Amino acid sequence: MDKEQLKKRLEEIKSRLPAWKPSSNGTPGLATMARNVSDSIIRNVGSVLEGNNLKVSDTQKQSRLNICNECSFFDKEQQRCKKCGCYMVAKTMLTAEKCPIGKW
Ligand code: SF4
C-alpha cells in the first residue's frame with residue numbers, strides 16, 4: 001500500500017467513526033474520547049506521511065503545557081483537558097495536535 005492509498009484508507013476509517021457528541025456536563029464522554037483518539041491517530045499518521053516530525057521540540061511542548069496550566073479547562077489533578085479529554089503530557093508533544101479552542 002503506498003502513501004496515497006494509506007491516507008485514503010485512513011480517511012475511509014475516519015468517515016465511519018461516530019460523530020462527535022459532548023456529554024451532558026460538557027466534558028467528553030467515553031464515545032467522544034474514543035473518537036478523539038481515533039482522529040488523533042489518523043491525524044498524526046497523516047502528518048508523518050506528509051513528512052512532518054511526529055513530535056515537537058521540548059521547548060514547544062513546555063510552552064504548550066504552560067498555556068494549559070493557566071487554562072480554566074485544565075484538570076491539574078488528572079493532567080487532562082476538560083474540552084477534549086486528552087492527557088496533555090501526551091497531546092502537547094505531538095506536532096499534528098492542536099488546542100480544541102485555539103490557545104496553541
Ligand atoms: S488544550 Fe487548550 S482548552 Fe485544553 S487545557 Fe490546554 S489550553 Fe485549555
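Computed from the coordinates by the stated procedures, all read-outs in this text should not be read as laboratory data. What you are looking at is a predicted structure, and each value in this text was computed from that prediction instead of being measured. Note that we place each Cβ from the backbone using ideal geometry, even for glycine, and neighbour counts take in every protein chain shown.
With the requirement that a residue be within 16 Å of the ligand (Cβ to nearest atom) and part of a helix (DSSP H, G or I), what does segment 24-43 give you?
32, 33, 36, 37, 39, 40, 43
Do you know which residues across segment 61-76 are exposed (fewer than 14 other Cβ atoms within 10 Å of the Cβ) and part of a loop (DSSP other than H, G, I, E, B)?
Answer for segment 61-76, where residues must be exposed (fewer than 14 other Cβ atoms within 10 Å of the Cβ) and part of a loop (DSSP other than H, G, I, E, B): 70, 72, 76.
Checking the conditions here, which among 70, 97 is among the acidic types (Asp, Glu), under 15 Å from the mean Cα position of the chain (by Cα) and within 12 Å of the ligand (Cβ to nearest atom)? First the steps, then the outcome.
Numbers: 70 fails: under 15 Å from the mean Cα position of the chain (by Cα).
From the options 70, 97, the qualifying one is 97.
Need the failing condition index for residue 78 against (1) without any contact (Cβ under 8 Å) to a residue 40 or more places away in the chain; (2) more than 16 Å from the ligand (Cβ to nearest atom), just the number.
Single failed check for residue 78: (2).
Show the residue pairs meeting these rules: Cβ distance below 7 Å; 6+ apart or different chains; first residue within segment 43-68 and closer than 17 Å to residue 99 by Cα; second residue assigned to a helix (DSSP H, G or I).
The qualifying pairs are 54/44; 54/48; 65/88; 68/88.
Output the residues belonging to segment 81-94 that are in contact with a helix residue (DSSP H, G or I) (Cβ under 7 Å, 6 or more places away or on another chain), within 9 Å of the ligand (Cβ to nearest atom), within 20 Å of residue 29 (Cβ to Cβ) and part of a loop (DSSP other than H, G, I, E, B).
Here is the first cut: in segment 81-94, the residues in contact with a helix residue (DSSP H, G or I) (Cβ under 7 Å, 6 or more places away or on another chain) are 81, 84-86, 88, 92-94.
Then keep just the ones that are within 9 Å of the ligand (Cβ to nearest atom); that gives 81, 84, 86, 88, 92.
Right, trim to within 20 Å of residue 29 (Cβ to Cβ) and you get 81, 84, 86, 88.
Passing the criteria: 84, 86.
Output the residues belonging to segment 49-60 that are surrounded by 13 or more Cβ atoms within 10 Å (Cβ to Cβ) and part of a helix (DSSP H, G or I).
49, 60, listed by residue number.
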